[in-house]
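The values are calculated or read from the model by the stated rules, or taken from the named source; none is laboratory data. For clarity, every value in this text was computed on a predicted model and none was experimentally measured. Every residue, glycine as well, gets a Cβ built from its backbone with ideal geometry; the counts of neighbours run over all protein chains shown. Just the protein is used for accessible areas: all its heavy atoms, side chains included, with ligands, DNA and RNA removed. Shrake-Rupley method; radii C 1.70, N 1.55, O 1.52, S 1.80 Å.
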Amino acid sequence: MKMPFALPQLGMRWLDQLSDYLATRSERERRLLGIGALAAILILVFAIMVPLDRSVAHAKTRLTQKRAALADMQAWAPEIQGSAPPGTGGESLLLIVDRSARESGLDKALAASEPGGQSSLSVRLEKAPFDKLVTWLGRLAQQSGVVVDSATIEKSGGPGEVNAAIVLHSG
């Protein structure tokens, strides 16, 4: 089947062949070919290149954020590893406090815990039963060697309930 038009053979002289091909076309055909080429370039740029560039930029941003998070975790790793008190089988202070709070029935009152300096932990309890809190602190000291560095205890809404901010230290 013969086409009504012939495309130039791509070779060493493709620019000359393209020029000769366009010279044999009418003004209207040259204009249509120019508009078509421009449309193809715009489609290539806006449909492929711009979204691809955006996704690469987004991936670079995510990679930077992940690297920063990794650096933060690596900075905390020695402190967390070193926070295990002697005689606890290598458990970190955070794990000891969390486990013992659950065992004492204070897991719902435990609002936040944040590692402090070397082998210390700040714990915040909200609406905790005072009797359970005191018993829990005594058990922590006896079983795990965890001592209270400082504590701020305030009355909460209900009778016998307190809000407490406690700094614990592994001994």
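What the table shows:
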item: Rounded to the nearest 10 Å², the accessible area of Ser150 at probe 1.4 Å; result: 60
item: The chain - Rg (one decimal) and Dmax (whole number), Cα, Å; result: 35.8, 99
item: Mean residue ellipticity (222 nm) of the chain, computed from DSSP H runs ≥ 4 via -39,500 (n - 2.57), nearest 500; result: -16500 deg cm²/dmol
item: Listed residues Thr61, Ala47, Gln142: farthest to the positive end of the dipole of the chain (Cβ charges); result: Ala47
item: Cα-only radius of gyration and Dmax that characterise the stretch 14-65, units Å; result: 18.5, 58
item: 3J(HN,Hα) from dihedral phi, the stretch 150-165, Karplus parametrisation 6.51/-1.76/1.60, rounded to Hz, x for glycine, proline; result: 8, 8, 10, 10, 10, 5, 9, x, x, x, x, 9, 9, 9, 9, 10
item: Three semi-axes of the equivalent ellipsoid, the stretch 39-83, Cα gyration tensor, whole Å, largest first; result: 43, 4, 4
item: Mean Cα-pair separation over length for the chain, i.e. relative contact order, pairs under 8 Å, 6 or more apart, %; result: 15
item: Rounded to whole Hz, the Karplus (6.51, -1.76, 1.60) HN-Hα couplings of the stretch 22-36, x for glycine and proline; result: 5, 5, 7, 8, 6, 4, 5, 5, 4, 5, 4, 5, x, 5, x
item: Residue with peak Gaussian network fluctuation, the chain [Cα springs, cutoff 10 Å], from Leu42, Leu63, Leu15; result: Leu15
item: Rounded to the nearest 20 debye, dipole of the chain from Cβ charges on Lys, Arg, Asp, Glu; result: 980
item: Accessible area (Å², 1.4 Å probe, nearest 10) - Lys60; result: 130
item: For peptides 91-98, 67-74, sequence by mean Cβ density within 10 Å, most packed first; result: 91-98, 67-74
item: Partners for Lys127 among aspartates and glutamates (Cα-Cα distance below 15 Å; same-chain residues under 8 apart left out); result: Asp107, Glu154, Glu161
item: Heavy-atom accessible surface of the chain: percent carbon and sulfur, 1.4 Å; result: 60
item: Cα gyration tensor, the stretch 105-171 - rounded (a/c under 1.5), prolate or oblate; result: prolate
item: Size of charge dipole - the stretch 98-170 - debye, nearest 20, with Cβ of Lys, Arg +1 and Asp, Glu -1, no other charges; result: 120
item: Residues Lys66 and Leu18, FRET efficiency given R0 of 45 Å [Cβ-Cβ distance, rounded to 0.05]; result: 0.40
item: Tilt relative to the chain, helix 93-103 - C-alpha long axis, 0 to 90 degrees, to 10; result: 70
